[in-house]
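**Student:** Okay, handing you the structure first.
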Amino acid sequence: MRRPGVTAAIGSAGLQPAMTLASEIIALQTLTEGNTVGYGSSFKAHGPMRIGVVACGYADGYPRVAPEGTPVIIDGVRTRIVGRVLMDMLTVDLTPVPTANVGSRVELWGTALPVDDVAQACGTIGYELMCAVAPRVPIRAE
């Protein structure tokens, strides 16, 4: 049974995220209008844009079903996934982050981006996402 107000109470309790899933940009691409990205060319650029390739995919436990628009944080700026999540990488829109470059930090969830925001975009819950992180992902205690 769900109790009214429990979610709101948790959000205002001052709790801190216990896990951050982060990676970095490993490549940059410039697209022109009509260029496509992702399995099945699922994303089509409506004009010139810069995208980043991030070293994280569904083999790492990131949700394969994450739709275009799923949020990520790059160098502290919120942006979005474009195209489908690939086995070992995903692609992100760098339009709001013009200074992003190879090596820029990408937070997939954590301190700046609540896991529940990503889970909501994927139609699931944060707990499922955290439990799905693959053993090949390095763990660092901070």
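The values are calculated or read from the model by the stated rules, or taken from the named source; none is laboratory data. Note that the coordinates shown come from a computational prediction; the quantities given were computed from them, not determined experimentally. A quick note on method: Cβ atoms are made from the backbone with ideal geometry, for glycine too, and the neighbour counts reach across all protein chains shown. Calculation scope for accessible area: heavy atoms of the full protein, side chains included, ligands and nucleic acids excluded. Shrake-Rupley method; radii C 1.70, N 1.55, O 1.52, S 1.80 Å.
**Student:** Can you tell me which residues in region 112-142 are more than 13 Å from the chain's Cα centre (by Cα), in a loop (DSSP other than H, G, I, E, B) and either more than 15 Å from GLY57 (Cα to Cα) or basic (Lys, Arg) (or both)?
**Tutor:** GLY123, THR124, ILE125, ARG136, ILE139, ARG140, ALA141, GLU142
**Student:** Please work out if TYR39 is aromatic (Phe, Trp, Tyr) and over 13 Å from the mean Cα position of the chain (by Cα).
**Tutor:** So TYR39 passes the test.
**Student:** Can you confirm whether GLU128 is acidic (Asp, Glu) and touching a residue at least 12 places away in the same chain (Cβ under 8 Å)?
**Tutor:** Judged against the criteria, GLU128 is not a match.
**Student:** Another question about this same structure. What is the one condition in (1) surrounded by 21 or more Cβ atoms within 10 Å (Cβ to Cβ); (2) under 11 Å from the mean Cα position of the chain (by Cα) that ARG84 does not satisfy?
**Tutor:** Checking ARG84 against (1) surrounded by 21 or more Cβ atoms within 10 Å (Cβ to Cβ); (2) under 11 Å from the mean Cα position of the chain (by Cα), the one that fails is (2).
**Student:** Under 6 Å by Cβ, and 6 or more places apart or on different chains, what pairs join a residue from region 6-26 that is over 15 Å from TYR127 (Cα atoms) and modelled with pLDDT of 90 or more with one that is surrounded by 15 or more Cβ atoms within 10 Å (Cβ to Cβ) and of a type in the set (S, T, N, Q)?
**Tutor:** Partner pairs satisfying both residue conditions: ILE25/SER104.
**Student:** I would also like to ask the following. So, of the residues in region 24-38 that are of a type in the set (Val, Ile, Thr) and under 14 Å from MET89 (Cα atoms), which turns out to be most open to solvent (accessible area, probe 1.4 Å)?
**Tutor:** Ranking the qualifying residues of region 24-38, first place goes to ILE26.
**Student:** Now a separate question. Being buried (at least 17 other Cβ atoms within 10 Å of the Cβ) and among the hydrophobic types (A, V, I, L, M, F, W, C) is the filter here, so list the residues in region 113-132 that pass it.
**Tutor:** LEU113, VAL115, VAL118, ALA119, ALA121, CYS122, LEU129
**Student:** Here's another thing I want to ask about it. Somewhere in region 64-80, is a residue in contact (Cβ under 8 Å) with a residue 60 or more places away in the chain, closer than 16 Å to GLY38 by Cβ and in contact with a Lys or Arg (Cβ under 6 Å, 6 or more places away or on another chain)?
**Tutor:** no
**Student:** Additional query: Are any residues in region 51-60 open to solvent by 10 Å² or more (accessible area, probe 1.4 Å) and either touching a His at 6+ places or on another chain (Cβ under 8 Å) or over 13 Å from TYR39 (Cβ atoms) (or both), and if so, which ones? It would help to see each step written out before you state the result.
**Tutor:** Within region 51-60, the subset open to solvent by 10 Å² or more (accessible area, probe 1.4 Å) is 53, 55, 58-60.
If the condition is that a residue be open to solvent by 10 Å² or more (accessible area, probe 1.4 Å) and either touching a His at 6+ places or on another chain (Cβ under 8 Å) or over 13 Å from TYR39 (Cβ atoms) (or both), then VAL53, ALA55, ALA59, ASP60 are the ones that fit.
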